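The values are calculated or read from the model by the stated rules, or taken from the named source; none is laboratory data. Quantities reported herein were computed from a predicted structural model and do not represent experimental measurements. All Cβ positions, even for glycine, are placed from backbone atoms using ideal geometry, and neighbour counts span all protein chains on display. Just so you know, the surface numbers come from the protein's heavy atoms only, side chains and all, with ligands and any DNA or RNA stripped out. Shrake-Rupley method; radii C 1.70, N 1.55, O 1.52, S 1.80 Å.
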Amino acid sequence: QGWTPSGSGTASSVAEAAHGGSYSLLSDGRTAAWNGPSADMSYLEAGATYRISAWVKQKSGSSSLKMSMKHTPAGGSAGYEGIGSAAIVGDTDWVLLSGVYKPVDPALMFYIESDSANASYYVDDVSVDMLLPAPSAGGGNPPAGEPPALSAGFEDGTAQGWQGRMGTETLTVVS
């Protein structure tokens, strides 16, 4: 599904280990810490907020694994950003890597890397879920003809459900 090795090594679908279903992706033959399976995520909407997660497990031994994003502005140089926290991952249990990412640049390459240059590891059940859409181009205002997210003119003479924060305040509508 569009996964390729980043740097040296391979990214192969295998049936020897799986978190969910019958297959996972094996990252093998790596020669540098940043090498690992990668996927183009340039389809993510700039300014929106996403939760990205992946289940990972070592083929043997243990190392620290983390999710990263290579982001490149139009006509600019690439930058690299970690997503969530790194985790020590062994070869017996699957570990969930998860983090929140808000893209700014149009070119995005997601990858999972290890602190060990030659670690082999499985990746499974990767998900990308939008938590918040990007703000609208009008500075957060709704599109023309749409009602605002909040409207309180108090024209009906009531507090319209507004309450004091501490419970001891009195709110009064005046004309």
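A few notes on this one:
- Scanning segment 51-65 for residues that are farther than 16 Å from W34 by Cβ and open to solvent by 20 Å² or more (accessible area, probe 1.4 Å) yields R51, W55, K57, K59, S60, G61, S62.
- Against the test of being buried (at least 16 other Cβ atoms within 10 Å of the Cβ), in a strand (DSSP E or B) and free of Cβ contacts under 8 Å to residues at least 60 places away in the same chain, the options S68, S85 yield a single qualifying residue, S68.
- Screening D93, D105 for residues that are more than 13 Å from the chain's Cα centre (by Cα) and surrounded by 15 or more Cβ atoms within 10 Å (Cβ to Cβ) leaves exactly one candidate, D105.
- Of all residues in segment 1-35, exactly one satisfies the criterion of being within 19 Å of S64 (Cβ to Cβ), in a strand (DSSP E or B) and modelled with pLDDT under 95, namely S6.
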